Each structure stands twice: as structure tokens, then as C-alpha cells.
Amino acid sequence: MDLFHRCLKEQIPVEIIYLSEKGEWTKRIVIPRKLDGGAVLAFDLSKGGIRRFRMDRIFAALPAAKANKRKFPTLIA
């Protein structure tokens, strides 16, 4: 959660690995806009809009600048 607080304050994009409600793993780059209890409201760059991501479904998160240097494992669809 501290990562999202910092990235929200500094407007740093975050790369996340997220488990959707359908049970699908996705990799997203988001810009946090608001922390809402157990969720983060963020602008999803791939979807082009604000989305709500439940914190208990976020498997991993890194500032996007660091994510480019440290790759997440490839997701198998």
C-alpha cells in the first residue's frame, strides 16, 4: 500500500500483475488516482480509462520505471 501512496503523490505509473474477477492474470500499467479502502482507483493505460483494482487481487506491483528494468514473469493465457 505504501507504494501506491507514494506513486499517487508523485503521479508515477505502476505496473501490476492483477487477477481479474474472471480468474485471468493480466499485466497492467496504471496511474493511481485514489486509494479507496481495499482498492485503488487508477487510470489504466491499456484500457484508456479509470478502473478499480482490488488490493487483494494485485499479485505484484512495481513503479513502471523500475518495472522496465526488472521484468515480471511472462503470463501464460
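Stretch LEU45-GLU21 to full length: gain in nm at 0.36 nm per residue minus the Cα-Cα span?
6.7 nm
On the accessible surface of region 6-53, probed at 1.4 Å, how many percent belong to carbon and sulfur atoms?
Here carbon and sulfur together make up 51 percent of the probe-accessible area.
When only the heavy atoms of the protein chains count and the probe is 1.4 Å, how do ARG33, ARG54 rank by accessible area, highest first?
Per-residue accessible area, sorted high to low, gives ARG33, ARG54.
Hand me the tally of lysine pairs in region 1-62: alpha carbons under 22 angstrom apart, and the pair either on different chains or 8 or more positions apart.
4
The values are calculated or read from the model by the stated rules, or taken from the named source; none is laboratory data. All figures in this text were calculated on a predicted structure; none of them were measured in a lab. The area values use the complete protein model at the heavy-atom level, side chains included, leaving out ligands, DNA and RNA. Shrake-Rupley method; radii C 1.70, N 1.55, O 1.52, S 1.80 Å.
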